[in-house]
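All remarks here apply to the structure that follows.
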Amino acid sequence: MLMLDVQLGELLADGPAGLDAALDLVAGFDHALTHGFARITEEQGEALAAFAGALTGSPIGERVSEAVEKVSAGSIDDEHLAALAGGRGALTGAVHDALLGRLDAALGRTRAAWEPVDDEVEVAGNLLAGCRGWLRELAIAGWRGVDHDLVSSADQTIEALLAVPELRGAAVLLDGLATELRASCPVATMERVPARRWADLWTRALLLSQRGPWRSEGEQVSGRLLVLGADVHEHATVVRVQVHGILEQAGGPARLVRTSVAAAKVDTIVGPTVWRLFGGHPALLAALAGHRSLELTDMPLLPGGDLVWHDDRARPGDEADPFAVARVQLGGATAAPVTPLDRHPVRIAEPVFVEGYKTDGQAIDLGGNTLRLDLDRLPSCGPLTRQLVKSSTACVGLVRWDGGQWSLQPLAVQATVKKNPVGVHTGDWALGPTDPKVVKAEAKAGDVVAVLRERAGRLLRK
């Protein structure tokens, strides 16, 4: 979709009314959580009171006010912490809704309405209780009070959660938080605590641990998937490829969808080698590398717009240039609603198409309006580089909101290299690198994935 100058100007103007005030209330809550609810100071008590006051009149206002009173008086139980987490989630959700509404209006994008679902999964209550117990201890101690013993006390709970498929998402969330805390211990000696990030993780984990995952089987869809681009999230022990696209269905409007595949890894698997971890998804990888559409048959689609990927339900289709798809169809595609627990500003990642801009490599300029480029998210496993972005004139990317400002994360660019126009995408090397220098370097380094698999097999045989 072509983001016109006036649209960009509307987006980058002053934020929605009340945005800064809401974030200040969240910051006050996070400051209290950093120092622990076991020792609420007068200043922190006032911040929590203001936090509760902002929710007066809401469906959870009375419960949040009661929870603040109890916690300030030294009474900390699971019910009160759940109310506080719900209140914090409500504030960040309101910020999300205001920002996303502004973005949709600027883009002229239609978004489907959320329809509540209540498919509660039956899970072992003791596992959720163990999860809540550890999160309660974190809240009592505060981030400044976290030590190795407190972090290690979560290990048994996380291991038990990982064994239950329905709770694996919560388990990974808790494991991620525990890993960050462990790497930061003792937190008391840290110069700066990532208070908002850790509070975000704590809040989401506590809400998930109330009754287990909120899940819907969604619907089964068939049609043509037109790929826009791939967003690669890589960490030392896991890599996830999230593909954004447009789903065409007979008799219905085109829909914006996403799908993700993930794989465990070790920190020695880096660069283009990570694609070899996704050998079980040949159809998806071929579509990324070959810029082809995919014909889907009975693929599960969750209410939030996520396809649950089954590679055997997809077959390669015709060639479909992502830039042509974005230019022609992105503007008319209907966006999916946002699920309740995903209503957080940092989770905004909306696909857009921009062209005809100027850039200095740090931001793009469209008629005097500038939008920051988020280049730290460029993956090392693809050919898209900062230099290519700097010489680009068209881009398919994701508009994000983080750190108090909007930014554009490139997924693909059209640029001029040695006077020749080229199109470069993050998923171009999904079937292996095409740059001779990179191919040579990989050959010299050897197949790390194959070596590790062979060693793992040898250990299992023993």
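The values are calculated or read from the model by the stated rules, or taken from the named source; none is laboratory data. As the structure is a prediction and not an experimental result, all values here were calculated from the model. Quick reminder, even Gly has a Cβ in these numbers, built from the backbone with ideal geometry, and neighbours come from all protein chains shown.
Data for the structure
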read-out: Test: residue in the range 119-133 that is under 30 Å from Pro303 (Cβ atoms), among the β-branched types (Val, Ile, Thr) and in contact (Cβ under 8 Å) with a residue 60 or more places away in the chain; value: yes
read-out: Residue that is at pLDDT 95 or above and more than 26 Å from the chain's Cα centre (by Cα), where the choices are Ala49, Ala38; value: Ala49
read-out: Strands (runs of 3 or more DSSP E) within the range 292-383 that include 2 or more residues on the phi < 0 side of the Ramachandran plot and hydroxyl-bearing (Ser, Thr, Tyr); value: 292-301
read-out: Residue match in the range 139-161 (condition: assigned to a helix (DSSP H, G or I), within 28 Å of Ala349 (Cα to Cα) and in contact with a helix residue (DSSP H, G or I) (Cβ under 8 Å, 6 or more places away or on another chain)); value: no
read-out: The listed residue being modelled with pLDDT of 95 or more, assigned to a helix (DSSP H, G or I) and closer than 30 Å to Gly332 by Cβ, out of Ala287, Ala230; value: Ala287
read-out: Scope the range 239-253; condition surrounded by fewer than 20 Cβ atoms within 10 Å (Cβ to Cβ) and either in contact with an Asp or Glu (Cβ under 9 Å, 6 or more places away or on another chain) or outside any strand (DSSP E or B) (or both); matching residues; value: Arg240, Gln242, Gln249, Ala250, Gly251, Gly252, Pro253
read-out: Qualifying residue in the range 388-401 (condition: out of contact with any strand residue (DSSP E or B) (no Cβ under 9 Å at 6 or more places or on another chain) and either in contact (Cβ under 8 Å) with a residue 24 or more places away in the chain or farther than 25 Å from Ala98 by Cα (or both)); value: no
read-out: Qualifying position, being within 17 Å of the chain's Cα centre (by Cα), closer than 15 Å to Ile246 by Cβ and modelled with pLDDT of 95 or more, among Ala324, Ala320, Ala335; value: Ala335
read-out: The range 412-437, subset in contact with a strand residue (DSSP E or B) (Cβ under 8 Å, 6 or more places away or on another chain) and either part of a helix (DSSP H, G or I) or farther than 14 Å from Glu355 by Cβ (or both), residue modelled with the lowest pLDDT; value: Val422
read-out: Members of the range 255-275 that are surrounded by 18 or more Cβ atoms within 10 Å (Cβ to Cβ) and over 28 Å from Ala443 (Cβ atoms); value: Arg255, Leu256, Val257, Arg258, Thr259
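Here is a yes/no grid of residues against (1) surrounded by fewer than 19 Cβ atoms within 10 Å (Cβ to Cβ); (2) among the hydrophobic types (A, V, I, L, M, F, W, C); (3) within 30 Å of Val26 (Cβ to Cβ):
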{"position": "His291", "(1), (2), (3)": "no, no, no"}
{"position": "Asp298", "(1), (2), (3)": "yes, no, no"}
{"position": "Leu307", "(1), (2), (3)": "no, yes, no"}
{"position": "Pro316", "(1), (2), (3)": "yes, no, no"}
{"position": "Ala324", "(1), (2), (3)": "yes, yes, no"}
{"position": "Arg327", "(1), (2), (3)": "yes, no, no"}
{"position": "Ala335", "(1), (2), (3)": "no, yes, yes"}
{"position": "Val338", "(1), (2), (3)": "no, yes, yes"}
{"position": "Pro345", "(1), (2), (3)": "no, no, yes"}
